[in-house]
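In what follows, a structure is listed as structure tokens, so that the remarks can point back to it.
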Amino acid sequence: MDIPVRWKVKDLVKIGELAARSGVAPKTLRFYEDSGVIPIPVRKSNGYRDYGPESLARLRFVRSAQSAGLTLREIREILTTHDRGAAPCEQVVEMLSEHLSQVRGKIRELATLETNLVALLGRAEGGIPQEADDAGVCWILESESQEVVAES
């Protein structure tokens with residue numbers, strides 16, 4: 001078994017222990033290996049994977065990056081930059097800025113949706129109007145006021 005010099009045999013863990021320490025399911029660990037997010041671990045002669053401390057550190061980074069909204073593709077790009085010996089922090093700032101812009105756009109969309117829903121519920125609470133069209137599916141959603149709110 002070839003063990004990198006910086007690893008000590010006692011520091012190597014199997015997939016189940018790494019999963020327990022990192023909070024990542026073994027199936028997800030294998031997926032991360034296949035997708036290049038974590039390096040393929042040392043394998044013993046019996047086929048078991050042996051992970052070093054670097055794997056746990058990388059998994060913690062991956063989870064932190066995911067909680068910031070980064071995709072696995074973006075995380076892989078960051079890690080590739082890092083693995084080449086460059087500092088990826090400028091790249092991370094660009095990605096986070098883009099995600100923040102997207103989140104703010106979604107918040108604006110949700111605020112518009114909230115306004116529409118409040119208007120529709122207000123209309124519904126007023127009761128069925130005399131002019132409600134019996135041929136329609138539901139007068140609340142077919143109201144002209146909804147179209148006006150949605151366009152603004």
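Things to note:
- Pairs where the first residue, in the range 80-96, is under 16 Å from residue 58 (Cα atoms) and the second is in a loop (DSSP other than H, G, I, E, B), C-beta under 6 Å, 6+ apart: 81/88; 82/88
- Residue in the range 99-115 that is surrounded by 13 or more Cβ atoms within 10 Å (Cβ to Cβ), closer than 26 Å to residue 72 by Cα and modelled with pLDDT of 95 or more present: yes
- Restricted to the range 10-102, the set of helices (runs of 4 or more DSSP H) holding at least 2 residues that are among the small types (Gly, Ala, Ser) comprises 15-22, 53-67.
- Residue ID - surrounded by the fewest Cβ atoms within 10 Å (Cβ to Cβ), chosen from residues in the range 71-96 that are of a type in the set (A, V, I, L, M, F, W, C) and within 15 Å of residue 38 (Cβ to Cβ): 72
The values are calculated or read from the model by the stated rules, or taken from the named source; none is laboratory data. Note that the structure is a prediction, hence the values are computed from the model and not measured. Cβ coordinates were reconstructed from backbone atoms using ideal geometry, including for glycine residues, and neighbour counts include every protein chain displayed.
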